[in-house]
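Okay, so here's the structure we're looking at.
The values are calculated or read from the model by the stated rules, or taken from the named source; none is laboratory data. All values derive from a computational prediction rather than experimental measurement. So basically every Cβ, Gly included, is an ideal-geometry build from the backbone, and we count neighbours across all protein chains shown.
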Amino acid sequence: MRKRLPRYSPPVIAPKDEYDGYAIKLDLGDWCYALDCSPCIYGPGWYPFYEYVTRPVHDPSAPLAGPRDVATGQIRPTSVRISPDVEWYSWRNEYVTLFPYYNDHRVKARTRLYVQRTTVRGIEIGIDLRTEVVILPEGCPDNLQEQAEVKGRRILDFLKRARSERRRGLTAPDKVVHPGMRDDNDG
């Protein structure tokens, strides 16, 4: 089964706020985003994050185990999750998931913005890697505009750092990985 990437669609914002009893208010001070999901590799094109393509293969020597995944030798763009680099595994509404588009220089970032205690608003932020522009959805409320702009710019900066690592010849993310995930814990 082939995983299909969506075609570009403009970013949107949820029409209403939603309850989140554990919403975190993060100061917009000095921090940056870092990769904090399962391992991935760098691949070609505008979007840097890829995964190895596998296919299920039945193993007749282990009939009850079911199929196992076998590498095909191909790679494909994959979604990744990022979070602020100032703490490990505590973010809830501060996580961001990046989604690549099919054959496109734009990336969709999906997250939730802090509105007030126990309240957040879902948002998609577009990132144009060619023009290095952050695209906010139409109708983004004034009280969330600055938060969306700052986070969008930091997402763009994160993607630029990953693309820079790839240009330097790295085959997998290194310094863009969250400090809590690094083997060497060099921060």
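Beta carbons closer than 6 Å, at least 6 apart along the sequence or on distinct chains, never pair a first residue in the range 38-65 that is farther than 30 Å from Ser83 by Cβ with a second that is among the aromatic types (Phe, Trp, Tyr) and surrounded by 11 or more Cβ atoms within 10 Å (Cβ to Cβ).
Quick grid of which residues meet (1) within 17 Å of Leu28 (Cα to Cα); (2) among the hydrophobic types (A, V, I, L, M, F, W, C); (3) touching an Asp or Glu at 6+ places or on another chain (Cβ under 7 Å); (4) not in a loop (DSSP other than H, G, I, E, B):
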| site | (1), (2), (3), (4) |
| --- | --- |
| Leu113 | yes, yes, no, yes |
| Ala148 | yes, yes, no, yes |
| Leu156 | yes, yes, yes, yes |
| Ser164 | no, no, no, yes |
| Gly180 | no, no, no, yes |
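Being closer than 18 Å to Asp174 by Cα and assigned to a loop (DSSP other than H, G, I, E, B) holds for only one residue in Ser9, Ser38, and it is Ser38.
Return the pair list, or none, for Cβ contacts closer than 8 Å from residues in the range 5-26 that are of a type in the set (Asp, Glu) to residues that are in a loop (DSSP other than H, G, I, E, B) and surrounded by 16 or more Cβ atoms within 10 Å (Cβ to Cβ), at least 6 apart or on different chains. Final answer for the pair search is none. Does Glu149 fit the bill of being within 13 Å of the chain's Cα centre (by Cα), charged (D, E, K, R) and at pLDDT 95 or above? The answer is no for Glu149. Among the residues making up the range 129-187, those that are small (Gly, Ala, Ser), more than 19 Å from Pro39 (Cβ to Cβ) and either in contact (Cβ under 8 Å) with a residue 60 or more places away in the chain or touching a Cys at 6+ places or on another chain (Cβ under 8 Å) (or both) are Gly139, Ala148.
Of the candidates Gly45, Gly21, Gly29, Gly66, the single residue that is at positive phi, assigned to a loop (DSSP other than H, G, I, E, B), modelled with pLDDT of 90 or more and among the small types (Gly, Ala, Ser) is Gly45. Scanning the range 97-110 for residues being surrounded by 22 or more Cβ atoms within 10 Å (Cβ to Cβ) and closer than 15 Å to Leu35 by Cβ gives a total of 4. When we screen Arg117, Arg76 for residues that are over 26 Å from Ala148 (Cα atoms), in contact (Cβ under 8 Å) with a residue 60 or more places away in the chain and either surrounded by fewer than 17 Cβ atoms within 10 Å (Cβ to Cβ) or of a type in the set (Asp, Glu) (or both), the only hit is Arg76.
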